[in-house]
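Step one of this worksheet: look at the structure below.
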Amino acid sequence: RWFNFRFGYLDAYENISFNRAMNDLAKLYTLLGETEKADEYTAIAAKNTAAFNEKFWDEQNGRYIGCIDKNGAGHDYGFVFLTSQGYSVCPKRSKPV
């Protein structure tokens, strides 16, 4: 079903996957007792989250867009970054913090 959507260039889904990987690595290093490394991956995830919110949040529609093409046009498929599984469809809401 993903083949029905245009993704590319700046892709929200790829950023969500990357962020999840960074958080999972932070958890892994925490379990291993390597807090310095865990903090490093936590910081990367936090930086990515801030950039994600800045780039993909659509204030007009009150939700995240799916991607931004190489011409800078955003494509809104009604997705939002809420679940650990990835996208979920959502109604309009207030801007994330």
Do we have residue 70 as in contact (Cβ under 8 Å) with a residue 12 or more places away in the chain, assigned to a loop (DSSP other than H, G, I, E, B) and either of a type in the set (Lys, Arg) or surrounded by 12 or more Cβ atoms within 10 Å (Cβ to Cβ) (or both) here? yes
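I'd like to check something: does the range 39-56 contain any residue that is open to solvent by less than 30 Å² (accessible area, probe 1.4 Å) and not in a helix (DSSP H, G or I)?
no
The values are calculated or read from the model by the stated rules, or taken from the named source; none is laboratory data. Quick caveat, the model's predicted, so the values are computed rather than measured. Please note: Cβ atoms are built from the backbone with ideal geometry, for glycine as well, and neighbour counts cover all protein chains shown. The area values use the complete protein model at the heavy-atom level, side chains included, leaving out ligands, DNA and RNA. Shrake-Rupley method; radii C 1.70, N 1.55, O 1.52, S 1.80 Å.
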